[in-house]
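Worksheet: one structure, shown below.
The values are calculated or read from the model by the stated rules, or taken from the named source; none is laboratory data. Since we're looking at a predicted model, the values are computed, not measured. Neighbour counts are summed over all protein chains in view; Cβ atoms, including those assigned to glycine, are modelled from backbone coordinates with ideal geometry.
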Amino acid sequence: MLSLLIHPERRRPNAPALRVDLRPVILVGMSLWAVGLVAAVVLLALDRATFELPATCAAGIALGVVALGWERRNRSEYRSADDDPAAADGDGTPETAA
């Protein structure tokens, strides 16, 4: 382990990152925050919670909206990379004629 820290060139290369659709994950997270927001508003109406609880849930939903925008921007870049003929052989290097 110590030799890998001293000689990082001996490490195996990292595996390529998986490209997955994050939209369902983000939407599920936003849905859970929305359920929490409804529960927090009910608790706030019953004087069982402070304003911080619904504010936290609203912030979670707002961050989900930001994440959807980020995902959409990166998804368009991902689709444009799929159309790139240089990456057609799968390893990201252009194919050369022999």
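Each residue in the stretch 6-44 was checked for being in a helix (DSSP H, G or I), of a type in the set (A, V, I, L, M) and exposed (fewer than 10 other Cβ atoms within 10 Å of the Cβ), and 1 of them qualify.
The set of residues in the stretch 39-80 being among the hydroxyl-bearing types (Ser, Thr, Tyr) and at pLDDT 95 or above consists of 50, 56.
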